[in-house]
Amino acid sequence: KEREGERQRGRERGPLLAMGAARAMLLMLGHAAAFQAVGHLPALRTPHGPRMVAGGSLDGGGGDLAGGTDRKRNAQLEKLRKMYAAPHIVFSETTFSSDTAPLEPETSNMGLIPDLHIFSSDKPLLPHHQATINIWQPEYTLMFSSLLTLTEPHYYLHIFQPDDDEPAADADEKSDEQDLAAERKEPPLIGTLTRVVYHRRETDQRLTLVVQGLARAVITRATQRQPYVRADVQLLPDHESLLTAAFAVRRFIRTSAATPAAFAASKPSSRRKLTMAVAAAETESCFAYEALGLSIGPTGTIASLNQFNASDAALGAMQRANPNVNAEAVIRTVPMGPSTQFPKDSTQKRSRGRDLDDEDDGQFEGTCALEFLKAADQEASAASITLNFSDDGESRDEKEAEEEARTTLNALEVQLWLELDDLVLAVNNYWRAAHRGRQIKFPTQILGLLPPPPDLGWPSDFQPVHERARLMQVWGKTGNRGVDWVWGRPISFVPVDKSYPDRRRAERLSWVVWQVIAGERMTLTSDDGWHLQEVLDSQSTADRLRLALLRMRTLKAGLVEEPEEVTNELERLFNQPNQPTRSRNPSDGLLKSDGPLNPSYGWPAPFEEPRNRPDGPREIP
């Protein structure tokens, strides 16, 4: 009877699918690909691949109700293929993406990825997170099928597009929060550069994907709208990475004085381009180390966070990406326009009154990337005003500025670990007092990011230190290869390498900590997805760490007001962190113009920097 009911529902949907590709695509906007939690997947049965069962979307159903026998749906998909796909496309059944060859940085494009596929969902995917996606909507089935026929790596941009199902309030009754939500109806342009690491075609023509978030990126220009969106995408490093690159560019200018290259690099717009090139080269070179081909959890299931790749090739690529070492090689490969190659009269003005030295920023114009670059360049300029150099020609002021930024990040990093440990301890103490045999533990991928102890040391009852020490013993027995030779499978704990920059370690922590603190009870805004979009929009690692601290303090306060609800939510986050979601319409309302686009709303206001917790009582003011 259940099978007959599914067939009947499939027959009822048949007339919709017979209306033609364009009409049917618009009618099916409410049904989209399910963005499913990786924690719900069964364990790996063989070393060749996961045994995965993709779930449905949140609105019920999701997928082909006729089990692949709906001839009208299949005909629609085939029609879309003939209309938009190349005739040589071959759809493979099951494929793992290769991670043996580290990605070589494209230094000449300054982090610009042209004509990238865009996938929109009602929940954002953050960098350094891993998830599974169930694709059944014809447009997205076509998009990913076409993407997977291209040469690896298979990149796309994951964009968050919220639901618009809530009824509108009266104009007189709108609160400030509702006004802010109304301003945010425009979809954001900042998303996550994502890589497909595994795909399998199901018998009913659905696609099951495992994807990894790699880095933040922003849409700069739309290139296609039908049957799915494609756009030019720019990598968007954090302020700390851009500042390090800006200092490296200025050192190049000083050491290459009176050369054509130094003259070209001295212009403000040229400095910004070179800054982005150096920062993007570092980001791309770290992809191989920061994301293993397929990350496996401690129980053999697919992990929710990317694991470090401890291979020699990945480590070598990461170490060579250091801007203090690699900047000059990157700078000399960046193409410059003719106007920046030859000296001009400095008194000559442009018709609109701007100096010739302030040339057009090209691909950054009209995007938040330009604002990020200007902020980094201005801070680097402020530290380079005084001629305070050491004997080896290094600027003392620049070193002090870099050290100050490093100290700030380290203080926030330590504070986050202390408060996260307090939160876990508070939940476990609540369950212990209620005589329940439940507890939550730190995910192993997060424990690998534990920084060196502060000057006064960690508190004696600081649990992450003890957990990490236990995992380090297991790591030592594997020969530092990340494989448990007893069970013949990868282990889930990979400690951060000593050569990994402290700045990038803090940046990675600011992304992955949301794995265990972001959930349905996101009280800082009315919608948890928009709150996570603000995490993506944060200009710096420090701002993102402060957002995480505010979120943890909200959860800690909730333990007093609603202890049962908060503890259950945290248990779900720590043990089964992600929830199913669905994709959005691939073409409606995402990109409104072909020209440069601006951010849909402003950036988060700066937060008050939290105080370090003294070694002693665990209460936090």
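The values are calculated or read from the model by the stated rules, or taken from the named source; none is laboratory data. Note that the structure is predicted; figures quoted are calculated from it, not measured. Cβ: placed from backbone, ideal geometry, glycine included. Neighbour counts: every protein chain shown.
At-a-glance table
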read-out: Filter result (under 24 Å from Asn568 (Cα atoms) and of a type in the set (Gly, Ala, Ser)) within segment 431-463; value: Ala433, Ala434, Gly437
read-out: Cβ-Cβ under 9 Å pairs, at least 6 apart or on other chains, segment 230-243 side more than 18 Å from Glu365 (Cα to Cα) and not assigned by TED's automatic domain parsing to the domain that holds Asp377, far side in a strand (DSSP E or B) and among the polar types (S, T, N, Q); value: Arg230/Thr223; Arg230/Gln224
read-out: Filter pass, Arg432 being assigned to a loop (DSSP other than H, G, I, E, B), surrounded by fewer than 16 Cβ atoms within 10 Å (Cβ to Cβ) and of a type in the set (D, E, K, R); value: no
read-out: Sole exception among (1) touching a helix residue (DSSP H, G or I) at 6+ places or on another chain (Cβ under 7 Å); (2) at pLDDT below 85; (3) closer than 29 Å to Phe308 by Cβ for Asn428, by number; value: (1)
read-out: Qualifying positions in segment 491-513 - closer than 19 Å to Lys123 by Cβ and either in the same structural domain as Ala245 (by TED's automatic domain parsing) or out of contact with any helix residue (DSSP H, G or I) (no Cβ under 6 Å at 6 or more places or on another chain) (or both); value: Trp511
read-out: Residues located in segment 204-230, provided they are assigned to a strand (DSSP E or B) and among the aliphatic types (A, V, I, L, M); value: Leu207, Leu209, Val210, Val211, Leu214, Ala215, Ala217, Val218, Ile219, Ala222
read-out: Residue in segment 251-276 that is farthest from Asp502 (Cα to Cα), counting only those that are among the hydroxyl-bearing types (Ser, Thr, Tyr) and modelled with pLDDT under 90; value: Thr259
read-out: Enumeration of residues in segment 469-501 that are within 25 Å of the chain's Cα centre (by Cα), modelled with pLDDT of 80 or more and either surrounded by 17 or more Cβ atoms within 10 Å (Cβ to Cβ) or not basic (Lys, Arg) (or both); value: Phe493, Val494, Pro495, Val496, Asp497, Ser499, Tyr500, Pro501
